[in-house]
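The values are calculated or read from the model by the stated rules, or taken from the named source; none is laboratory data. Just so you know, these numbers come straight off a predicted model, no measurement behind them. Note that we place each Cβ from the backbone using ideal geometry, even for glycine, and neighbour counts take in every protein chain shown. Surface accessibility is based on the protein's heavy atoms, side chains included, excluding ligands, DNA and RNA. Shrake-Rupley method; radii C 1.70, N 1.55, O 1.52, S 1.80 Å.
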Amino acid sequence: MLKVKAGDLDKMGLLFERYHRSLYGFLFHMTNQKEASEDMVQNVFYRMLKYRNSFSGDGAFRTWMYHLARNVLKDYVKSNNRSAFQYDLKEIEERISGGSTADQLLEKEQELQALETALAGLSAENKELLVLSRYQELSYQEIAQILDTTEGAIKVRVHRAMNQLKSIYLKINV
């Protein structure tokens, strides 16, 4: 990113190749909307170019990138006047891989639906924490930088979010 900031805009393609999948994964887990997530990824990279001078290089690039992604997500929610955390269970079926017997496939689908329903039952803040830590595999330190808080606070919040998710999931699967 420092090379892009210095004017070597060709390096933006390399950044896109490295990070567009993880950004899409984050945005898709937050919205469960394929097209909107693809559009938001493009917006994040556009903002990277637009605000490249704000990248200081002091912190990790991923931290800065996810900060931009969170802002794009917030803008999307505001402009569409809806919750970003909607789930279409039909799309979950598309994500289930084949090659299983019908019973195994049905069981896998039911478990995935229960997990998605449990995730949807979390507050936006807790869901974001779990997506960043579990799906995006960011460290607690990186999440703390993104959310402008301490690593200890993130550990506590993730622990509480996991407990809340477990509680909701168990109620659904009873």
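Overview of values
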item: Any hit, the stretch 148-165, residues being β-branched (V, I, T) and open to solvent by 60 Å² or more (accessible area, probe 1.4 Å); result: yes
item: Top-ranked residue in the stretch 115-136 [being open to solvent by 20 Å² or more (accessible area, probe 1.4 Å) and of a type in the set (S, T, N, Q); ranked as nearest to M162 (Cα to Cα)]; result: N126
item: Sole exception among (1) touching a residue at least 40 places away in the same chain (Cβ under 8 Å); (2) touching a helix residue (DSSP H, G or I) at 6+ places or on another chain (Cβ under 8 Å) for N43, by number; result: (1)
item: Candidates A6, A60, filtered to the one that is within 19 Å of D148 (Cα to Cα) and out of contact with any Pro (no Cβ under 6 Å at 6 or more places or on another chain); result: A60
item: Matching residues in the stretch 137-147 - criterion: being touching a residue at least 24 places away in the same chain (Cβ under 8 Å) and either surrounded by fewer than 19 Cβ atoms within 10 Å (Cβ to Cβ) or small (G, A, S) (or both); result: none
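Matching residues to (1) in contact (Cβ under 8 Å) with a residue 60 or more places away in the chain; (2) open to solvent by 20 Å² or more (accessible area, probe 1.4 Å):
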site: K11; (1), (2): no, yes
site: S22; (1), (2): yes, yes
site: L27; (1), (2): no, no
site: Q33; (1), (2): no, yes
site: A36; (1), (2): no, no
site: K50; (1), (2): no, yes
